[in-house]
Amino acid sequence: MSMRSQGNVCLLCACALVLVPASAQALEFSSGVSVGGIQIGTEPKLAVSPFAGWLWRKERDFRIEVHNMLSVIPGTRVGVYDRTAVTVGYVTKTGNVSLGPSLSLYSMPVCGAVICDRVMGLAPGGRAQSDWYFAGRLGASTSLNVDWAGGSSRVLPGSVVVMVTAGPIWRFGGDSK
């Protein structure tokens, strides 16, 4: 299956999850800033990542979330990695976990084994996240995203992009108990 076909399938799945009618019992917005690492090419890099998410709780313990994270990779040649994911998760009183497909747009400087260059593209992938609220609406968030950068590239021979982030999270609305 080509990268374009995989990207289209991933996008269709995300749209289907968003458009499925659901009687939401709660609507919640969360945002924050994560600091973590991104491994693309041969060198891990620091990433500063503001994020926002909307979630709908269909039943008490389960949810559907649309989450966007824009990661800025600082340096002499700044890079960006923008990811949107639609996930299904399980919610408890003090936290939640979620898993689902993602789609990323990126433009960043990358060094491979032989050459350094700027890479740009679209990457389908998957996302897992865990949030723990330890002080009412204040908590900590960790996430893992694995994307397939696709195509043939001398800079990205493995075609895999892995990002791990962790940072504070603040919940606006929803149940803070």
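The values are calculated or read from the model by the stated rules, or taken from the named source; none is laboratory data. Note that this is a predicted model, so its numbers are computed, not measured. A quick note on method: Cβ atoms are made from the backbone with ideal geometry, for glycine too, and the neighbour counts reach across all protein chains shown.
Given the structure, is T76 modelled with pLDDT under 85, surrounded by fewer than 21 Cβ atoms within 10 Å (Cβ to Cβ) and either over 17 Å from D147 (Cα atoms) or not β-branched (V, I, T) (or both)? Yes: the conditions hold for T76. Across the stretch 114-142, the qualifying residues are those that are touching a residue at least 60 places away in the same chain (Cβ under 8 Å) and more than 27 Å from V155 (Cα to Cα), and the one among them that is surrounded by the fewest Cβ atoms within 10 Å (Cβ to Cβ) is D131. Considering the stretch 79-117 alone, what residues qualify as being at pLDDT 85 or above and among the small types (G, A, S)? Within the stretch 79-117, G79, A85, G89, G95, S98, G100, S102, S104, S107 qualify.
Search the stretch 18-41 for residues being among the polar types (S, T, N, Q) and not in a strand (DSSP E or B), and hand back the single one that is modelled with the lowest pLDDT.
Filtering the stretch 18-41 for residues among the polar types (S, T, N, Q) gives 23, 25, 30-31, 34, 39.
With not in a strand (DSSP E or B) added as a condition, the list becomes 23, 25.
Working: S23: 42, Q25: 54.
The qualifying residue modelled with the lowest pLDDT is S23.
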